[in-house]
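The values are calculated or read from the model by the stated rules, or taken from the named source; none is laboratory data. Computed from a prediction, not measured in an experiment: that's the story for all the values here. Cβ placement follows ideal geometry from the backbone for every residue including glycine, while neighbour counts extend to all protein chains displayed. What goes into the accessible areas is simple: the full protein's heavy atoms, side chains included, and nothing from ligands, DNA or RNA. Shrake-Rupley method; radii C 1.70, N 1.55, O 1.52, S 1.80 Å.
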Amino acid sequence: MLAFLSAHGNVPFSIALVIVIMLGTFELIAMIAGLSIFSALDNSLSVDIDTDVDMEAETSITGMTGLLGWLCLDRLPLLIWLVLILSSFAIAGYVINFTSLQISAGLLPQLITVPIAFIITLISSHFLGNAVANILPKNETSAISVDSLVGCVATITQGRAVKGMPTEAVARDEFQQKHYVLVEPERLGIEFVRGTEVVLLARKGKVWTATQI
């Protein structure tokens, strides 16, 4: 078994498994000390996606917003999601290579197994992520209305935004949780480019109007 896990073809998957074990070990030690690494990091790195954004709306969502939502990153604590991703990647890779070993008495090249395992991982993140999210208790203390983002500072994450052509931005609420939203200037003749910091003024449908700081 050890020879199989340490085989060259399994190195990427063994690395993923080691990271999962390390995260679990650190969390156990922290819990004994009365702390929680998972909770502390999740509070500082938490990501939320504006669930009021319609994926089939006339204004299409670009960039990471749709992908992160499909991967359930908006429904799971960040480090739980990370453990799910790494575990799925490791298991998928081991299963592929074990099957190959039984059929052909050899392991497949990493150029074949890694992409296949990665695709399986994405699918696993979607379906298993939804299942885990339905089991986890909901934290209502940090839940806020999307409309309460009025006055929050957002940073344009990609592209450019002009009146009538919004682009993606990320804002933090009072709990320091991230929200990905669509943003456009409040007036014609103004352009927001990537990295521009703006203040959210009002939400009209799925799009926020904003002004540059």
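Points to keep in mind about this one:
- In the range 79-207, the portion of solvent-accessible area held by carbon and sulfur atoms comes to 66 percent [1.4 Å probe, whole percent, DNA, RNA and ligands not counted].
- Estimated FRET transfer efficiency when R0 is 25 angstrom, pair Ile112-Ala3 (beta carbons, to 0.05): 0.75
- Nitroxide proxy distance, nm - points 7 Å out along Cα→Cβ at Ile213 and Ile29: 3.7
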